[in-house]
1. At a 1.4 Å probe radius, carbon and sulfur cover how many percent of the accessible area of the chain?
2. Taking 0.36 nm per residue of sequence separation and subtracting the Cα-Cα distance, how much length would be gained by fully extending the chain between Asp265 and Gln89, in nm to one decimal?
3. Looking at segment 230-377, what % of its DSSP beta bridges pair antiparallel, to the nearest 5?
4. Given R₀ = 51 Å, FRET efficiency for Lys104-Glu249 by Cβ-Cβ distance, to 0.05?
5. If R0 is 45 Å, what FRET efficiency do you get for Ser202 and Gln155 from their C-beta distance, rounded to 0.05?
6. Determine the alpha carbon to alpha carbon distance for each of Lys120/Lys143; Lys187/Lys371; Lys42/Lys187; Lys56/Lys168 and list only those over 20 Å.
7. Counting Lys and Arg as +1 and Asp and Glu as -1, what is the net charge of the other residues whose Cβ lies under 15 Å from the Cβ of Ser340?
8. Give, in nm to one decimal, the length gained when the segment between Gln112 and Lys53 is fully stretched (0.36 nm per residue of separation minus the Cα-Cα distance).
Amino acid sequence: MMILIWAPDGAAGYLRSSSSSSSSSAVIVAMSYSKELAAAKKAASLAARLCQKVQKALLQSDVQSKNDKSPVTVADYGSQALVSFVLQQEIPADFSLVAEEDSKDLRKDGGQETVERITKLVNDSITSDGSYNVTLSTEDVLKAIDSGRSEGGSQGRHWVLDPIDGTKGFLRGDQYAIALALLDGGKVVLGVLACPNLPLTSIGAGGQHSPNNEVGCLFFAEVGGGTYMQPLDGSSAVKVQVTAVENPEEASFFESYEAAHSMHDLSSLIAQKLGVKAPPVRIDSQAKYGALSRGDGAIYLRFPHKGYREKIWDHAAGCIVVTEAGGVVTDAAGKPLDFSRGKYLDLDTGIIVTNQKLMPLLFSAVRESIKEKAASL
Ligand SMILES: Nc1ncnc2c1ncn2[C@@H]1O[C@H](COP(=O)(O)O)[C@@H](OP(=O)(O)O)[C@H]1O
Ligand SMILES: [Mg+2]
Ligand SMILES: [Mg+2]
Ligand SMILES: [Mg+2]
């Protein structure tokens, strides 16, 4: 006998078969991750508020000009502790988290004061939310940070977190994101991107700025359920789609603000071959994936310098946000990103992101440009 269970709202597209213990009949269950998605949205939104508070203090003080990075560290750690705490409260079973930060440096001599600041930030966030009647100790906070030490992999479920993606953007007062995804059996099944400084309206080349420059976007996607965006202040969500642009001359592209993170000369060559007219939009973090998912631009190119290994938390949430909005994410060899191999992405040369229509042209331009660049060295 075949049983097919559909989750509400057509949200589930992820099918799994298993055999029942009482009989040999196959059971196909359409997985829904709605509970996990709600928890992820709550965790990322709270963390975004914590980061906003720290960024505001950072920009109002002279710390930035002194280049003292400690407030960034405080926000990174605070965000990780808070997300870890919320997820463990909401979905306690089989908790596993692969996250960027750990408490090693905080446990060193002289780290106590920083840990106390982080603990205060985390407790203030928990209190302001009102749904958890607890106060964390400094040790609880260190443990929450270190619960992000899982290695991930192809078995079971693992949360994947970048507590602040785009730390350099955060320092400059520019774009950053809290990026949270869930892996199930090595596949990304949901993703949430909180982008506190991203305008609610398009940042693309011809983008219309909203009259009051409202910022703060929350993108979220569940496998088979599409991608949605809502203001971080919690008002209603809208479904988003990547651009339908087919003519590369009308396409615009995103790349890292930091030249050290991606070879801008290679992306310019690719853009030239495609005939892209608009200059690149350079912004930090996975806000690029969010912006692309709602059609602000058509292409995202990322070509790290030789020897750099991409981590899963820098792409997991962004990847599902774009693919559920109708986009395609591959490495430079045209292969989908494989999140099942632990902390690192094992990929060829770089990451390319666009819509289905433009991908064949983009892919050819990427291959030609890589060959030309290699020949010129
Ligand atoms: N040399 C390098 N090449 C490519 N990526 C790098 C890099 N050095 C750091 N990164 C990664 O680039 C991320 C930011 O991406 P972007 O360039 O799109 O803003 C950083 O995330 P964190 O800020 O979380 O550390 C970091 O993981
Ligand atoms: Mg990152
Ligand atoms: Mg980070
Ligand atoms: Mg970092």
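The values are calculated or read from the model by the stated rules, or taken from the named source; none is laboratory data. All values derive from a computational prediction rather than experimental measurement. We place every Cβ from the backbone using ideal geometry, glycine too, and count neighbours over all the protein chains shown. Keep in mind that these areas ignore ligands, DNA and RNA; they rest on the heavy atoms of the full protein, side chains included. Shrake-Rupley method; radii C 1.70, N 1.55, O 1.52, S 1.80 Å.
1. Details: 8470 of 16810 Å².
It is 50 percent, rounded to a whole number.
2. Numbers: separation 176, 0.36 × 176 = 63.36 nm, distance 4.62 nm.
Using 0.36 nm per residue and subtracting the Cα-Cα distance, I get 58.7 nm.
3. Values: 10 of 14 bridges.
Around 70 percent antiparallel, to the nearest 5.
4. On the way: r = 50 Å, r/R0 = 0.98.
After rounding, the FRET efficiency stands at 0.55.
5. Approximately 0.65, to the nearest 0.05.
6. Numbers: Lys120/Lys143 15 Å; Lys187/Lys371 31 Å; Lys42/Lys187 22 Å; Lys56/Lys168 15 Å.
Over 20 Å Cα-Cα: Lys187/Lys371; Lys42/Lys187.
7. Details: positive: Arg157, Lys187, Lys311, Lys335, Arg341, Lys343; negative: Glu151, Asp184, Glu310, Asp331, Asp338, Asp346.
My count for the surroundings of Ser340 gives 0.
8. On the way: separation 59, 0.36 × 59 = 21.24 nm, distance 2.11 nm.
Length difference between fully extended and current span is 19.1 nm.
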